[in-house]
Structure formats: C-alpha cells, structure tokens
1. Given Asp96, Asp127, Asp119, Asp85, which one is within 18 Å of Trp36 (Cβ to Cβ), acidic (Asp, Glu) and at pLDDT below 90?
2. Got a sec? Which helices (runs of 4 or more DSSP H) wholly within the stretch 32-132 have at least 3 residues that are under 30 Å from Asp183 (Cβ atoms)?
3. Give the residues of the stretch 1-51 that are out of contact with any strand residue (DSSP E or B) (no Cβ under 9 Å at 6 or more places or on another chain) and at pLDDT 85 or above, sorted by residue number.
4. Considering (1) surrounded by 16 or more Cβ atoms within 10 Å (Cβ to Cβ); (2) of a type outside the set (A, V, I, L, M); (3) not assigned by TED's automatic domain parsing to the domain that holds Trp36, say which one Pro120 fails and leave the rest.
5. Given the options Ala113, Ala163, Ala154, name the one that is under 20 Å from Ser52 (Cα atoms) and among the aliphatic types (A, V, I, L, M).
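The values are calculated or read from the model by the stated rules, or taken from the named source; none is laboratory data. Just so we're clear, the structure is a prediction, and the values are computed from it rather than from any experiment. Cβ placement follows ideal geometry from the backbone for every residue including glycine, while neighbour counts extend to all protein chains displayed.
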Amino acid sequence: MTPVDRLNAAAAAEAAWPDDAIEVGRILDAWGIKGWIRVQAYSTDPQALFGSRRWFLKASDEAPAAKAKTLPAVLKILSVRDHGDGIVAQIEGVSDRNGAEALRGARIFISRAHFPSADPDEFYWVDLIGLTVVNRQGETLGEVVGLMDTGPHAVLRIAPPGAVAPVKPDQERLVPFVSAFVDDVSLAERRITVDWGLDY
C-alpha cells in the first residue's frame with residue numbers, strides 16, 4: 001500500500017467535505033526527504049493554514065483523472081511553519097519524499113469556521129464577495145465579484161446589476177476598499193455602503 005493509499009484509507013472514515021470550505025492554497029512540491037510538503041498560501045497572512053489541523057484537498061484542474069482519483073480527501077497536519085517565502089508542513093501518514101511528491105499540485109481547502117476571528121474593522125475577502133454595494137443615495141452599484149490587491153490597499157471589483165458572468169473588466173466598477181470611500185460593511189445584511197456615484 002502506497003503512502004497516498006494509506007492516507008485515503010485513514011481519511012475516508014472521517015473526512016466529510018465542509019459546507020463552508022474555502023480554497024486557501026496549493027501544494028507546490030515535496031520538501032526534504034521525510035515526507036514534508038512545500039505550500040503556497042493564497043493570503044499574505046495565512047493564519048487559516050496554521051490554525052487548522054485538517055486540510056481538505058482537490059486535484060488541480062490540470063491533473064490527470066487517475067491522479068484525481070488517488071488524491072486523499074483530507075490531510076492531517078502534524079506540523080506547519082514558515083520557511084523562507086513559503087510554508088512547509090508535515091503530514092500524518094507520509095514519511096518519505098515519494099509520498100509527498102504524489103500530492104504535488106493539489107488545491108488546499110479549509111473550513112471557514114477554522115479561520116481566525118477578524119478584528120471589527122477587518123474582513124476576509126471571501127466574506128465580501130457576493131455583497132451588494134449601494135451608495136449614500138441608496139442607489140445600487142452592483143455586486144462584489146472579487147478584489148484586487150494594489151499593495152497599499154484592496155480594491156472592490158463590482159459587477160453592475162444584471163451583469164452576466166463572466167463579467168468583462170470594462171464592465172466592472174472599481175472602488176478602493178478604504179475608509180475614505182467605504183462607509184459601512186454589514187455582513188449580516190450582505191451590504192456595503194460607499195461614497196461613490198453611479199457616474200464615477
């Protein structure tokens with residue numbers, strides 16, 4: 001039985017895909033010879049990866065069908081730490097480089113419930129996507145379809161009402177996610193209020 005087969009057998013009994021699973025990174029490659037993996041986090045503050053001991057996996061879109069079938073549904077994380085410009089992790093049931101290499105390219109998901117609590121004036125991007133954006137006059141600008149990181153701050157990408165996905169870049173309204181333009185974010189009401197005109 002290969003290391004990946006052992007992982008599959010152990011995970012099958014307990015792994016239930018969480019309803020609130022969020023993609024947070026991917027496995028880049030093996031690290032060292034003792035089964036550790038090297039991980040690329042999608043966030044500059046990857047605390048969700050550090051805070052969860054179960055990472056759920058899906059094969060990359062480019063992976064052959066055979067590899068997707070053998071990929072374990074969940075990894076039990078024994079240890080995870082920063083290393084250079086990335087993250088390395090030790091997995092239960094994988095003790096050599098071959099086992100770690102078999103996981104290369106897998107997409108990592110974590111239950112949203114395991115994300116650290118954000119400060120009152122901070123938000124996870126995933127929580128903002130799908131919110132309706134209105135201005136001070138009560139006019140609807142559209143729905144948040146994504147965010148961009150410009151370095152100093154994030155920018156809301158807003159699709160106009162009635163837009164059909166995928167929205168073209170020239171259809172999007174871009175609003176800096178800073179206090180000068182954002183008056184209020186209500187996750188409960190799924191609404192963001194901004195100081196932004198329809199003609200901007």
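1. Asp85
2. 125-128
3. Ile33
4. It fails just one condition, (1).
5. Ala113
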